[in-house]
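The values are calculated or read from the model by the stated rules, or taken from the named source; none is laboratory data. In this text the structure is predicted, and so the values were computed from the model without any measurement. Note that each Cβ is placed from the backbone with ideal geometry, even for glycine, and that neighbours are counted across all protein chains shown.
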Amino acid sequence: MNGSIECKPAGATGPGQSASGRRFFLAALWVILGATILIALLFYSLGALNLSRTVQHVLAIFIYSACIGLLSMAFVTWISVRYTCRFPRAIVLIQAMSLVATATVGCFAAAFLVYAVGLSPRTTVWVEFRGSITFSIVITLVIGLGIATYETLQDRLRAAEIELRTRQVEQERAYKLLAEARLSSLESSIHPHFLFNTLNSIAALIPTNPQHAEDMVEKLASLLRFSLNAQHGGLVPLEQELRIVRDYLEIESTRFGSRLRYEILVPGSLASFKVPPLALVTLVENSVKHVAAERTEGAKIQVAGMVEAGTLRLEVIDDGPGFSLDATAPEHGLGNLAARLQLLFGSAGHLAVTRENENTVVRITIPVES
């Protein structure tokens, strides 16, 4: 017997129908056996069970339990599936009326079978039916409504668990989409800023050195391809990021000449490590813009990398006066980069600015992929 609260279309079938049928008949067997034992013990306690005919009485009880139980479970399950959601407040009354009907029909069928197999030779089917109908209805209502209530509570619990899991999955998916949208927005705000500065460098070279300007255009094309590809991926190998850093520094070296001095000191063993796209470029661009471009003596920029305690440290060092990361606006390149690290790596991703040996060190720290 099932007090299911799920709304299912009439005649609905599915790949689990045969499994549901097996569960139904297994449950019916347990209910029939349990009802047989319960009624036999009840009759015995009331003195209505003749010990000399115990086997016959138990067999008769089993026939009543089987006829009423199978019919009640099948019909009430069908009623519950169809009408629980349509009439939630009246479903108990509907189930009770159904149980009375199935108990009556099952009791008559059982009385005929008991008479047919010779377990009640001195009585007619009608007499057997009249003698057992009241008790059959009462015991059917007690057992049937008890099981229906239990199944209803179980179905509500399962439905609540499924709804909770569904909401959790949807919430996690929403958080993921939000993070991806924010990351895409942050990257898109970095790329135009970077490309704008590069185009300015090319424009400054065209009147004086068109050949170098042409070389810079080729390098810019490489930067553009990398920039577009970076929007469709997550992390990139450090080797690719360093290649873009070199292209950018060569472009800016053509513009600033001897005022811009740089060196890249990243071991080749780190080439395959994954990093956020345009992360190092953002740090190098910051040094070029705020140190090399603003000082007559230019700037010396050093790019370094190392692995320590399971983390990858990437540093851009310049000989500028330094600055505070707290004073950087969120829409600034470094502010965007800090937000990207937070989205990609959580608390394991850091961007820090320190002063070491009269130099400014901007350091990215990210976890090393296993």
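Summary table below
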item: Of residues in region 331-361 being in a loop (DSSP other than H, G, I, E, B) and more than 18 Å from residue 235 (Cα to Cα), the one nearest to the chain's Cα centre (by Cα); result: 331
item: Meets criteria (within 29 Å of residue 204 (Cβ to Cβ) and of a type outside the set (A, V, I, L, M, F, W, C)) for residue 321; result: yes
item: Pairs with Cβ under 7 Å, 6+ apart, first in region 124-145 and closer than 10 Å to residue 108 by Cβ, second of a type in the set (Val, Ile, Thr) and assigned to a helix (DSSP H, G or I); result: 128/114; 133/104; 136/68
item: Verdict on residue 299 being in contact (Cβ under 8 Å) with a residue 12 or more places away in the chain and in the same structural domain as residue 239 (by TED's automatic domain parsing); result: yes
item: Complete set of residues in region 278-292 that are crowded, with 17+ Cβ neighbours inside 10 Å and either charged (D, E, K, R) or under 17 Å from residue 323 (Cβ atoms) (or both); result: 282, 283, 284, 285, 286, 287, 288, 291, 292
